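The values are calculated or read from the model by the stated rules, or taken from the named source; none is laboratory data. Since this is a predicted model, take the numbers as computed values, not measurements. As a convention, Cβ positions derive from the backbone with ideal geometry for all residues, glycine included, and neighbour counts pool all protein chains shown.
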Amino acid sequence: MLISLSEKVRDSQAEKIEESADIIVDAIQNDKMVFFWGPGGHSSIFAEDVLYREGELACINPIIDANISLSHGALKEINYFERIPEIAEAIIKTNRVSAGDVVVIGSAYGVNPVCIAGALLCKELGAKVIAVTSHAFSDALDNDDTRHEQKLGLYEIADVYINSFSPSDDLVLKREGFKNSVL
């Protein structure tokens, strides 16, 4: 299942990945920053993975904020902190995102208030937003408590949207006879 999902992303999103690469290269050539941000919960791994890599360019900046990571407890983060849109302003401003920068945002479902408020602010500041998310997952969430007040999905805001095809139930591997299980 994981291999077929990876192949689906590769085969159907290649043009968007190339377009994203062109945007990133253009920003680097113009002395702009490229940020990687996973705005909440498990999505924080998205930014952590680019942190301090051998030979990494100085203009690559992972946005990592303990308030919206699982480092202090999933219940606190998922049920409270990622639902406070004002946290996004503090995160974006303290990282000094500005016009011409690129912010690559990775989120499984891309609807939480911090994610959406942050993406909107990046666009307002003149930064390009590249989203790696799943519109199917985003559209399937009907819990108003987990969504930004504008009810937008990250994929609707981004300059470029790369579909991750994450399933709406958050499960890739399923076992017959179990409602929610992973092998």
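Which one is modelled with the lowest pLDDT, of the residues in the range 132-155 that are in a helix (DSSP H, G or I) and buried (at least 17 other Cβ atoms within 10 Å of the Cβ)?
Restricting to residues being in a helix (DSSP H, G or I) and buried (at least 17 other Cβ atoms within 10 Å of the Cβ), the top hit is Ser138.
Condition test on Ile64, is it modelled with pLDDT under 90, in contact with a Leu (Cβ under 8 Å, 6 or more places away or on another chain) and not basic (Lys, Arg)?
Judged against the criteria, Ile64 is a match.
Considering the range 156-183 alone, what residues qualify as being modelled with pLDDT of 85 or more and either over 16 Å from Val9 (Cα atoms) or not in a loop (DSSP other than H, G, I, E, B) (or both)?
If the condition is that a residue be modelled with pLDDT of 85 or more and either over 16 Å from Val9 (Cα atoms) or not in a loop (DSSP other than H, G, I, E, B) (or both), then Glu156, Ile157, Ala158, Asp159, Val160, Tyr161, Ile162, Asn163 are the ones that fit.
So is Phe36 surrounded by 11 or more Cβ atoms within 10 Å (Cβ to Cβ) and not in a helix (DSSP H, G or I) or not?
yes
How about the range 104-131: which of its residues are under 21 Å from Ile45 (Cβ atoms), touching a strand residue (DSSP E or B) at 6+ places or on another chain (Cβ under 6 Å) and in a loop (DSSP other than H, G, I, E, B)?
Residues satisfying the conditions are Ser107, Gly110.
Checking Pro85 against (1) surrounded by fewer than 23 Cβ atoms within 10 Å (Cβ to Cβ); (2) touching a residue at least 60 places away in the same chain (Cβ under 8 Å); (3) closer than 16 Å to Val160 by Cβ, which single condition isn't satisfied?
That leaves (3) as the condition not met.
If I filter the range 23-33 down to residues being in contact (Cβ under 8 Å) with a residue 40 or more places away in the chain and in a helix (DSSP H, G or I), which single residue comes out as nearest to Ala158 (Cα to Cα)?
Ile23
Please pick out the residue among Ser20, Ser43 that is at pLDDT 90 or above, under 17 Å from Thr133 (Cα atoms) and outside any strand (DSSP E or B).
Among Ser20, Ser43, only Ser20 is at pLDDT 90 or above, under 17 Å from Thr133 (Cα atoms) and outside any strand (DSSP E or B).
Yes or no: the range 91-103 includes at least one residue that is at pLDDT 90 or above, among the small types (Gly, Ala, Ser) and closer than 18 Å to His42 by Cβ.
No; the residues of the range 91-103 include none that is at pLDDT 90 or above, among the small types (Gly, Ala, Ser) and closer than 18 Å to His42 by Cβ.
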